[in-house]
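The values are calculated or read from the model by the stated rules, or taken from the named source; none is laboratory data. Because the structure is a prediction, the values reported are computed rather than measured. Cβ sites come from the backbone with ideal geometry, for glycine too, and all protein chains shown count toward neighbours. Heavy atoms of the whole protein, side chains included, go into the accessibility calculation; ligands, DNA and RNA do not. Shrake-Rupley method; radii C 1.70, N 1.55, O 1.52, S 1.80 Å.
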Amino acid sequence: MPVNWWEKEPGRLRTEVKLMYQKFPQFELGQAEDDHIVNNWKAVSIGQKYWMGQLKTVAGNIYTVLLAYPNYYPGGGEIKAYIVSPHISHGNHRYGDGHLCLYSNDHGGKGQGAGPGMTAVSYVAWVSAWLHAHEIFEKKGVWPENSFFKRF
């Protein structure tokens, strides 16, 4: 039977927990006792670790967010982020399984999204930015352009 990443790297889990409780104490760490289905997408499988909590946007809207750790973490895939509620029906900046596309490929795919330097805190921050972009889309009908990499 395979060993879970948090059993192989307990120090990494302690670091993730410490950082999340410092930066986003409203999120709680869980381990799925059954599959978690979010808006018809399987977000978490039995046994997977995940974070669940709420984010409030600049506009004052509150969203429940789920962050699912991959089975082989860190370095074996990205944490996947889902909006649990309210349901967001548009598919902009989402992958086929419903998790959010949190960063731009304008930079050629270098330096973002994966690797040992990424933590759940990084993903929560990116979800916050995604929600801001979503609310702009809801008002204007277009997803805001990411011009960060064009400034340099």
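When the chain is described by a simple charge dipole with +1 on each Lys and Arg Cβ and -1 on each Asp and Glu Cβ, the residue from Gly77, Val58, Asn39 located farthest towards its positive end is Val58.
Taking only protein heavy atoms and a 1.4 Å probe, the accessible area of the chain is 52% carbon and sulfur. Calculated on the alpha-carbon coordinates, the convex hull of the chain measures out at 130 cubic angstrom per residue. Heavy atoms of the protein chains alone define the surface here; on that basis segment 1-94 has 58 Å² accessible area per residue at 1.4 Å probe size. Annotation: aspartates and glutamates with alpha-carbon distance below 13 angstrom to Lys80 (same-chain offsets under eight excluded): Asp97. Computed from point charges on the beta carbon alone (+1 for Lys and Arg, -1 for Asp and Glu), the dipole magnitude for the chain about its Cα centre is near 480 Debye.
Pairs of Cα atoms nearer than 8 Å and 6+ residues apart set the relative contact order; for the chain it is 17 percent. Return the loop-located GluC sites (Glu not before Pro) in segment 1-70 (DSSP other than H, G, I, E, B) with at most 10 other Cβ atoms within 10 Å of their own Cβ; answer none if there are none. Taking segment 1-70 and a limit of 10 other Cβ atoms within 10 Å, the loop GluC sites (Glu not before Pro) found are Glu33.
Which whole-number percent is the relative contact order of segment 3-65 (Cα, under 8 Å, 6+ apart)? Computed over segment 3-65, the figure is 22 percent.
Under the shape rule built on the C-alpha gyration tensor, where the axes satisfy a ≥ b ≥ c, segment 18-94 is oblate, since a/c reaches at least 1.5 while a/b does not exceed b/c.
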